[in-house]
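Structure, as structure tokens:
All of the numbers you see were taken from the coordinates with simple rules; none came from a lab. Computed from a predicted structure; not experimentally measured. Neighbour counts are summed over all protein chains in view; Cβ atoms, including those assigned to glycine, are modelled from backbone coordinates with ideal geometry.
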Amino acid sequence: MASLGQLFWSFFKIGTFTIGGGYAMIPLMEKELVDRHGWVTRDEFMGIITLAQTLPGIFAANMAAHIGWRLRGVPGAVTAVIGNILVPILIILALAMGLHYLQGNAVVEAVFKGIRPVVVALIAAPVFRMAKTARISLRNFWIPVLAALLIWLLGISPVWVILAAGIGGFVYGKYLEKKEVQS
């Protein structure tokens, strides 16, 4: 069982050393929470990611709150969230206070341009890992591709895409059940 101090420290490290926000945090969270501490299984972690994406609010804070609550109840949720957002909030405050000094600074702009590809890689890595866990194959890869295209090209709300996917999955599951009963 995780202590409140362990929870705070783990999420403090995650929040401190992850550049790029929520999705970029997934590999570090997985390493810390699943591999290092074993607080959740890999399948549970993937389920928590799904849940955190569907809830309103900040993805990383949703993840921290759920895992903290699961391990230590309300005090764990509060501790994990504070640990996770403390450093980013302080950095944002410092940047906001000094923003007018940084605008147009060639060095700062170059640093942020250099960070962009790293953030893309940090986001891409868990996407491929989640696809493997979700058993995405050549037979069914069209589903997430179609969902992304509906949202991106046609501007359909992700809420409608998620609802349609849920209904489609339910109907397909019932079809498979019926097919098994008949065989």
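Summary of computed values
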{"quantity": "Using alpha-carbon coordinates, inclination of helix 4-17 to the longest axis of the chain, degrees", "calculated": "80 degrees"}
{"quantity": "Solvent-free Debye scattering, log10 I(q)/I(0), computed from the Cα coordinates of segment 137-183 at q = 0.15 Å⁻¹", "calculated": "-0.49"}
{"quantity": "Least to most buried among SER10, SER137 (fewest other Cβ within 10 Å first)", "calculated": "SER137, SER10"}
{"quantity": "Unit Cα scatterers, Debye sum, segment 7-55: log10 I(q)/I(0) for q = 0.24, 0.29 Å⁻¹", "calculated": "-0.94, -1.20"}
{"quantity": "Charge dipole (segment 4-135, unit charges on Cβ, about Cα centre) - positive-most of PRO75, ILE26, ILE85", "calculated": "ILE26"}
{"quantity": "For segment 4-135: span of alpha carbons on each principal axis (Å, largest first)", "calculated": "45, 35, 27"}
{"quantity": "Over the chain: helical MRE at 222 nm, DSSP H runs n ≥ 4 each giving -39500 (n - 2.57), nearest 500", "calculated": "-26000 deg cm²/dmol"}
